[in-house]
Amino acid sequence: MKFAVLSQHFIGAGVKRLSGTEISPGVSNGHEFQGVDVFRAFLGTPGEKVRHDVTYIWLDDGLDDPIRVEGSATWYDSRRGKSHRAAEYRLYYRKDAEGVVYRAKDGDTLFLCLTVDRSLLAILCPSGSSIEQKLLWLFGLSILDDFALNQKELGGPGAERDLDLAARLVLAEIGIESDTPEPDGIGKILKKVSGSFPATAEFSKLARDSLKDVDPIGDPDGALVAWMEHEAALFRHMESEIVSNRLNTGFIIEDEPDVDGFLKFSLSVQNR
């Protein structure tokens, strides 16, 4: 099974510690992410101010769902017009981002990511949180001792990151769904189940039996991960097939919309 890769979603990403002067109205009203000058590798070195679309996200281990704000930011040289000083680029966030940015405290963490459609994700989270560790692992980053951005290009020879099950779960936490590769033997399995989901134990057995070259005795950890990967891929593709067939059938009874039938089916999909 060939996995998708992280560079299908992101061009580059960076991480930094946040200081109070960047995110605390009690310290400064500057509305700027500082120490991000190296991100010019992705955003360039424009002479004029450039506006970028930004999705601001606050993630916290205690929250069931992330807090998201769609907004924008301005990339600009804070030393423009000062020919005796080297350029220094900063990212100015607007008032509409305060609902996310002001949740952060001095020492919390910012992940700054450029997506393949050249929009930005500004992901903020508490220092030392599990989501911080997950994102550091996902992007292969480490936090510098100072407040400067540590960044990397995602993709290219030797830098690709496969989106295995664990990586896709982390992406899902920031609202990104990655395509699941088509598993081996999906056609045969769909014929066996006759267009409906089997019971949980039966489904897991189908996944195990249809995955070859797994050694649960010699490599139990590897086998468990492989089975989970395969079962997740089977589920996604079976769900797409079964739901598509049901939608094609429609929800009409005697020329009247079957609202109850639709709601029941929709709830079953969500619960599954």
Fill in the blank from the handout: The number of residues in the stretch 213-272 that are over 23 Å from ALA167 (Cα atoms), in contact (Cβ under 8 Å) with a residue 40 or more places away in the chain, surrounded by fewer than 16 Cβ atoms within 10 Å (Cβ to Cβ) and β-branched (Val, Ile, Thr) is 0
Completion exercise
Taking the stretch 144-160 and keeping residues open to solvent by 50 Å² or more (accessible area, probe 1.4 Å) and farther than 18 Å from LEU121 by Cα leaves LEU144, ASP145, ASP146, PHE147, PRO157, GLY158, GLU160
Handout entry: Hits in the stretch 112-143 - residues which are in contact (Cβ under 8 Å) with a residue 24 or more places away in the chain and open to solvent by 70 Å² or more (accessible area, probe 1.4 Å)
Key = VAL116, ARG118, LYS134, TRP137
Practice task
Would you tally the residues in the stretch 1-25 being assigned to a loop (DSSP other than H, G, I, E, B), more than 16 Å from ASP108 (Cα to Cα) and either open to solvent by 50 Å² or more (accessible area, probe 1.4 Å) or in contact with a strand residue (DSSP E or B) (Cβ under 7 Å, 6 or more places away or on another chain) (or both)?
Solution key: 4
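The values are calculated or read from the model by the stated rules, or taken from the named source; none is laboratory data. Predicted model only: the values in this text are computed from it and were never measured. We place every Cβ from the backbone using ideal geometry, glycine too, and count neighbours over all the protein chains shown. Accessible surface is based on the protein model in full, side chains and every heavy atom, while ligands, DNA and RNA are left aside. Shrake-Rupley method; radii C 1.70, N 1.55, O 1.52, S 1.80 Å.
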